[in-house]
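Written out below as structure tokens is the structure these notes cover.
The values are calculated or read from the model by the stated rules, or taken from the named source; none is laboratory data. All figures in this text were calculated on a predicted structure; none of them were measured in a lab. All Cβ positions, glycine included, derive from the backbone under ideal geometry; neighbour counts span all protein chains shown. Just the protein is used for accessible areas: all its heavy atoms, side chains included, with ligands, DNA and RNA removed. Shrake-Rupley method; radii C 1.70, N 1.55, O 1.52, S 1.80 Å.
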Amino acid sequence: MTFVPKPWPRTLRSQEWFGGTSRDHIYHRSWMKNQGFPADLFDGRPVIGIMNTWSELTPCNAHLNDLAQRVKHGIYEAGGFPVEVPVFSTAESSFRPTAMMFRNLASMAVEEQIRGQPIDGCVLMVGCDKTTPSLLMAAASTDLPSIVVTGGPMLNGWFRGERIGSGTHLWKFSEAVKAGEMTQADFLDAEAAMSRSAGSCNTMGTASTMASMAEALGMALSGNAAIPAVDSRRRMMAQLTGRRIVQMVKDDLKPSDILTRAAFENAIRVNGAIGGSTNAVIHLLALAGRVGVDLTLDDWDRLGRDVPTIVNLMPSGKYLMEEFFYAGGLPVVIKRLAEAGLLHRDALTVSGETAWDQVKDVVNWNEDVILPADRPLTEHGGIAVLRGNLAPDGAVLKPSAASPHLLRHRGRAVVFEDIDDYKARINDEDLDIDETCVMVMKNCGPRGYPGMAEVGNMGLPPKVLRRGITDMVRISDARMSGTAYGTVVLHTAPESAVGGPLAVVQTGDMIELDVPARRLHLDIPDDELARRLAGWRPAAPPPQGGYAQIFHQHVQGADTGADFDFLRGCRGAEVGRDSH
Ligand code: FES
């Protein structure tokens, strides 16, 4: 698309605070000068908010302060005025009850931090899973020029000669301990080996997926997603990002210019090619809602269905993000999709160039990491969207992470009422379950958990694991970590906590999963299903007070991105009167 830059110089919004001689202007400048900022920084140059999700309790982002200094260098070099702003940080590894419960809160907080302050453009410094969508959603709702720079992934994990990936091997080793194939002492030894450098998860989990989505959407500079956190080129990328945002403000290149339907379609196809996380579905649906792009679950199925997964990374494949970077990273994937006619080449990016312009000359340096077209990891990557009487509003499954022999399966339901019920009974040797059964878990959706935790990849019962079985069909309204794998049906909607059909599944019911036909069916008579639904009552009273109450009252279903109803849409950056 053609973007016409606005003329420069012109008066920016930060001048409402800094550009004048009134008492209020003096007040705003004077207090800022207590930090030693010289007078010329307030002369009308772009003021860039470095929205930094640094936190020592968000370990994947704990190096962002260092990286922010590089962003500042770049902003100063390009003639801008950088101001670093700490913002709400959500750690996937430790935030309870789940980081996802706070994605919307973070986005709301950052949106107001942008709108209410003298900021002309933003650098979104993100990394861990929810930090990326939350800041993108905030930027989309304010629509000031914004650019993403991620913290980058951790280096490869290595344990006793084996490449081990964040999350993926946590699940693998934990199952191995349950199956008696690994000792607890060895598991403890592996703990530090998994996370041996700064950065986010080194698998194609949600953090790497969302970094890839930011790049595929055109919201980050080309090549950003895969550079390891500790590689010197990550610092270079941060500095270049700082330089670029200043020009974006001068040109008035905004998220609404970039986040078009074409951009979302590109991102969905890229997600299929990288074997990306199912979490991308939720986050992109929510982001699209902020910019008024009518994206649906069915777009995910339609656009991703014929995209082969060509990135051979865990959890679907063999390698890790470090090797993806050495092979050429996401630009190679984008080029391959464009050459296959699967990409909108003219989609605009933060660089001011089109998606195609940025990648047309890149080279694939390792065809075992980024696979050639004739030997993809899976022929049909993407996300399968299932429907049926068990999921009238849809459910998702990641075929590249599933077992081919289970993609068509009929089995007896073994139902867990919630995560506590699952934990209490799964290790019981008397539990009536075998590998032909379908594990069902309720009350783990947006309202039910609350927050829609990543518990959908329920670990298998030990007695099944001991027989060498590593996968079973699992169904829930939960999410799954992007680092996880298995034949796992997720995001079932409507969720059980609002009375979706999942709420009335009973142990012993037969369930049919048919991924090629995109079908999820509870095999009971219609009148029986209607009778059960009519008799359904919520399991728990709604939370009273605080953020939990706001969350419960306003969170929407997974099928539309689990955003708050009142946060959808772009509210712009206009702000009311000054307080003085
Ligand atoms: Fe932070 Fe995986 S836990 S990126």
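Among the listed residues THR203, THR183, which satisfies the condition of being polar (S, T, N, Q) and closer than 25 Å to ALA229 by Cβ?
From the options THR203, THR183, the qualifying one is THR203.
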Any strands (runs of 3 or more DSSP E) falling wholly within segment 416-497 and containing at least 3 residues that are in contact with a strand residue (DSSP E or B) (Cβ under 6 Å, 6 or more places away or on another chain) and under 23 Å from ALA179 (Cβ atoms): 438-441, 473-476
Where SER89 falls short, out of the listed (1) within 16 Å of the ligand (Cβ to nearest atom); (2) touching a helix residue (DSSP H, G or I) at 6+ places or on another chain (Cβ under 9 Å); (3) modelled with pLDDT of 95 or more; (4) open to solvent by 70 Å² or more (accessible area, probe 1.4 Å): (4)
Close pairs (7 angstrom Cβ cut-off, 6 or more residues apart or separate chains): more than 18 Å from LEU67 (Cβ to Cβ) and touching a residue at least 60 places away in the same chain (Cβ under 8 Å) in segment 185-214, hydroxyl-bearing (Ser, Thr, Tyr) and assigned to a helix (DSSP H, G or I) anywhere: THR203/THR168
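Kindly provide the set of residues from segment 514-524 that are open to solvent by 10 Å² or more (accessible area, probe 1.4 Å) and either among the hydroxyl-bearing types (Ser, Thr, Tyr) or in contact with a Gly (Cβ under 8 Å, 6 or more places away or on another chain) (or both), ordered by number.
Within segment 514-524, the first condition is being open to solvent by 10 Å² or more (accessible area, probe 1.4 Å), and the residues that meet it are 514, 516-519, 521, 523-524.
ARG519, HIS521 - these are the residues of segment 514-524 that are open to solvent by 10 Å² or more (accessible area, probe 1.4 Å) and either among the hydroxyl-bearing types (Ser, Thr, Tyr) or in contact with a Gly (Cβ under 8 Å, 6 or more places away or on another chain) (or both).
Each row is one residue, and each column tells you yes or no for (1) out of contact with any Leu (no Cβ under 9 Å at 6 or more places or on another chain); (2) hydrophobic (A, V, I, L, M, F, W, C); (3) closer than 27 Å to GLY394 by Cβ; (4) surrounded by 20 or more Cβ atoms within 10 Å (Cβ to Cβ).
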site: GLY272; (1), (2), (3), (4): no, no, yes, yes
site: ARG302; (1), (2), (3), (4): yes, no, yes, no
site: SER316; (1), (2), (3), (4): no, no, yes, yes
site: GLY329; (1), (2), (3), (4): yes, no, no, yes
site: VAL362; (1), (2), (3), (4): yes, yes, no, no
Checking TYR76 against (1) of a type in the set (Phe, Trp, Tyr); (2) away from the ligand (no atom under 16 Å from the Cβ); (3) more than 21 Å from LEU144 (Cα to Cα), the condition it does not meet: (3)
Which numbered condition ILE282 misses (of (1) modelled with pLDDT of 95 or more; (2) among the β-branched types (Val, Ile, Thr); (3) open to solvent by 10 Å² or more (accessible area, probe 1.4 Å)): (3)
Residue in segment 104-118 that is more than 22 Å from ALA211 (Cβ to Cβ), away from the ligand (no atom under 16 Å from the Cβ) and either touching a Leu at 6+ places or on another chain (Cβ under 7 Å) or open to solvent by less than 10 Å² (accessible area, probe 1.4 Å) (or both) present: yes
Among residues of segment 537-569, those that are open to solvent by less than 70 Å² (accessible area, probe 1.4 Å), assigned to a loop (DSSP other than H, G, I, E, B) and within 17 Å of GLU111 (Cα to Cα), counted: 2
Hey, SER55 assigned to a helix (DSSP H, G or I), surrounded by fewer than 22 Cβ atoms within 10 Å (Cβ to Cβ) and of a type outside the set (D, E, K, R) or not: no
Close pairs from segment 160-178: first open to solvent by 60 Å² or more (accessible area, probe 1.4 Å), partner assigned to a helix (DSSP H, G or I) and within 16 Å of the ligand (Cβ to nearest atom), Cβ under 8 Å, at least 6 apart: LEU170/MET194
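Out of everything in segment 119-146 that is of a type in the set (D, E, K, R) and over 18 Å from VAL249 (Cβ atoms), what residue ends up being nearest to the ligand (Cβ to nearest atom)? Reasoning before the result, please.
Of all residues in segment 119-146, those of a type in the set (D, E, K, R) come to 120, 129-130, 143.
Add one more test, that the residue is over 18 Å from VAL249 (Cβ atoms), and what stays is 129-130.
Working: ASP129: 5, LYS130: 9 Å.
Applying the filter and picking the extreme gives ASP129.
Scan segment 6-27 and give yes if some residue there is hydroxyl-bearing (Ser, Thr, Tyr), away from the ligand (no atom under 16 Å from the Cβ) and open to solvent by less than 40 Å² (accessible area, probe 1.4 Å), otherwise no.
Let us first name the residues in segment 6-27 that are hydroxyl-bearing (Ser, Thr, Tyr), namely 11, 14, 21-22, 27.
Narrowing further to those that are away from the ligand (no atom under 16 Å from the Cβ): 11, 14, 21-22, 27.
So of that shortlist, the ones also open to solvent by less than 40 Å² (accessible area, probe 1.4 Å) come out as 14.
The answer is yes; a qualifying residue exists.
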Test: residue in segment 204-219 that is open to solvent by 20 Å² or more (accessible area, probe 1.4 Å) and either within 13 Å of the chain's Cα centre (by Cα) or of a type in the set (A, V, I, L, M, F, W, C) (or both): no
Cβ pairs under 6 Å, 6+ apart, first in segment 369-380 and within 23 Å of HIS405 (Cβ to Cβ), second hydroxyl-bearing (Ser, Thr, Tyr): PRO376/THR309; LEU377/THR309; LEU377/SER316; THR378/THR309; THR378/SER400
Test: GLU191 is within 16 Å of the ligand (Cβ to nearest atom), within 23 Å of LEU320 (Cβ to Cβ) and open to solvent by 40 Å² or more (accessible area, probe 1.4 Å): yes
Any hit, segment 336-359, residues being over 15 Å from GLU215 (Cβ atoms), modelled with pLDDT of 95 or more and not in a loop (DSSP other than H, G, I, E, B): yes
Single match in ALA229, ALA211, ALA238, ALA207 (criterion: more than 19 Å from SER277 (Cα to Cα), of a type in the set (Gly, Ala, Ser) and within 15 Å of the ligand (Cβ to nearest atom)): ALA229
Among the residues listed as ALA138, ALA99, the single one being among the aliphatic types (A, V, I, L, M), surrounded by 20 or more Cβ atoms within 10 Å (Cβ to Cβ) and under 14 Å from the mean Cα position of the chain (by Cα): ALA99
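Within segment 550-574, which residues are of a type in the set (A, V, I, L, M) and under 20 Å from the mean Cα position of the chain (by Cα)?
Let us first name the residues in segment 550-574 that are of a type in the set (A, V, I, L, M), namely 550, 555, 558, 562, 567, 573.
Hits for segment 550-574 are VAL555, ALA558, ALA562, LEU567.
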Of the criteria (1) in contact with an Asp or Glu (Cβ under 7 Å, 6 or more places away or on another chain); (2) assigned to a loop (DSSP other than H, G, I, E, B), which one SER93 fails: (1)
